[in-house]
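What follows is calculated from the coordinates using simple rules that are stated; it is not laboratory data. On a predicted model such as this, the values are computed, not experimentally measured, just so you know. Note: ideal-geometry Cβ built from the backbone for every residue, glycine included; neighbour counts use all protein chains shown.
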Ligand code: TYD
């Protein structure tokens with residue numbers, strides 16, 4: 001029996017990761033894995049209530065970080081660790097790299113504060129694999145423009161997303177063994193071919 005893995009999907013809003021995540025999880029299931037799909041912020045009843053606040057209520061950047069990590073702690077303890085322990089693979093739509101990218105890169109919260117929270121909340125847990133859907137900001141913006149109800153993050157300017165993108169790429173560079181960089185500007189079928197390779201490597 002394979003040891004269950006923890007896999008996270010990351011990228012700027014509009015990169016298309018959510019669509020690919022559903023397909024990726026289904027592919028793992030077809031190969032016989034028991035798979036749990038979850039998301040951040042969210043993934044627990046408390047986390048989903050915090051998500052509602054985080055996505056809609058203006059707040060100080062560091063309040064935002066603290067609430068993200070509060071939701072995350074609950075998610076890890078209630079959902080992620082129990083699943084991995086019973087042999088279920090966990091695929092999460094976002095995790096801590098999003099805090100480094102959005103709150104760190106986008107909002108300018110100091111890296112050292114984020115690292116402190118990361119150590120506090122999950123010193124003993126990191127994703128086995130993180131798929132980073134990278135895309136030029138203008139292309140991502142174009143995709144979002146069809147969307148009628150944009151949340152507090154999606155309403156940010158291109159300059160914010162440029163900083164988010166660069167912070168993601170910096171994380172990827174810092175942890176090359178954990179990250180797989182996916183070119184999300186390709187047509188969906190090409191992205192699937194890349195994901196298929198990732199599944200095979202697992
Ligand atoms: P997202 O994952 O894009 O969901 P949807 O596809 O339903 O819009 O929305 C979550 C938003 O939360 C996204 O804009 C990024 C933001 N976010 C952070 O800023 N920091 C974090 O730590 C996490 C997990 C998400």
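Screening residue 150 against (1) within 15 Å of the ligand (Cβ to nearest atom); (2) touching a residue at least 60 places away in the same chain (Cβ under 8 Å); (3) farther than 19 Å from residue 109 by Cβ leaves a single unmet condition, (2).
Residue count for the stretch 167-189 satisfying the condition of being in contact with a strand residue (DSSP E or B) (Cβ under 8 Å, 6 or more places away or on another chain), closer than 21 Å to residue 23 by Cβ and loosely packed, with under 14 Cβ neighbours inside 10 Å: 1.
Take residue 19 and tell me if it is in a helix (DSSP H, G or I) and loosely packed, with under 15 Cβ neighbours inside 10 Å. When the stated conditions are applied, residue 19 passes them. Taken together, 66, 50, 54 contain a single residue that is in a helix (DSSP H, G or I), within 18 Å of the chain's Cα centre (by Cα) and within 10 Å of the ligand (Cβ to nearest atom), which is 54.
Criterion applied to 164, 139 was being assigned to a helix (DSSP H, G or I), surrounded by fewer than 18 Cβ atoms within 10 Å (Cβ to Cβ) and in contact (Cβ under 8 Å) with a residue 24 or more places away in the chain, and the one residue passing it is 139.
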